[in-house]
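The block underneath contains the structure these notes are about, expressed in structure tokens.
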Amino acid sequence: MRTQVLALARGAWGTFLVVEPERAMRVACLNGPPSARVVTRVIGARHVLQALATLALRSSGRTRRFAAVDVAHGLSRAALAAASPAGSPRRRAAGAAAGEATVWTLA
């Protein structure tokens, strides 16, 4: 049951990112070039697909693999944040994405 609830929450979050990327970026206090909206939509689509796969497969082993995807995403974003100039929009966006991935991993 918990897995289903989390998958539905992930699907809702992903849908929000796909449908309202500008609003999602404002919520996270991020401004960026038009390409940032595209990236936000792509990340949202990944969340939707991962949520659908979680609901369809419902295997604890598979959901652990999905958590591994979140860990990899979080680590890559943390590395990007560390490599970006202090105060830059890229650093803020990467830090926000790393935080988000950490939350999904721990959920």
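The values are calculated or read from the model by the stated rules, or taken from the named source; none is laboratory data. Source: prediction; values computed, not measured. Backbone-built Cβ (ideal geometry, glycine too); neighbour counts: all protein chains shown. Just so you know, the surface numbers come from the protein's heavy atoms only, side chains and all, with ligands and any DNA or RNA stripped out. Shrake-Rupley method; radii C 1.70, N 1.55, O 1.52, S 1.80 Å.
Things worth noting here:
- Fraction of accessible area attributable to carbon and sulfur, segment 2-83 (%, probe 1.4 Å): 66 percent
- Normalised alpha carbon radius of gyration of the chain [divisor 2.2 N^0.38 Å]: 1.08
- Leading residue at positive end of dipole, the chain (Cβ point charges), from 72, 33, 14: 72
- Here the extension length gained between residue 80 and residue 68 equals 2.5 nm, from 0.36 nm per residue of separation less the Cα-Cα distance.
- Taking the chain and dividing mean pair separation by its residue count, relative contact order in percent (alpha carbons under 8 Å, at least six apart): 28 percent
- With a cut-off of 12 Å between beta carbons, the residues surrounding residue 36 carry a summed charge of +4, where Lys and Arg count +1 and Asp and Glu -1.
- If you take all other residues with their beta carbon under 15 Å from the beta carbon of residue 24, and give Lys and Arg +1 and Asp and Glu -1, the sum is +4.
- Of the DSSP H helices in the chain, those that are both long (alpha-carbon extent of 27 Å or more along the helix axis) and hydrophobic (Kyte-Doolittle mean at least 0.5) are 34-57.
- Surface exposure of the chain, expressed per residue as accessible area with a 1.4 Å probe, stands at 61 Å².
- Rounded to the nearest 20 debye, the dipole size of the chain about its Cα centre is 140 debye, using +1 on the Cβ of Lys and Arg and -1 on the Cβ of Asp and Glu.
- Calculated FRET efficiency, residue 58 to residue 23, Cβ-Cβ distance, R0 = 25 Å: about 0.20 to the nearest 0.05.
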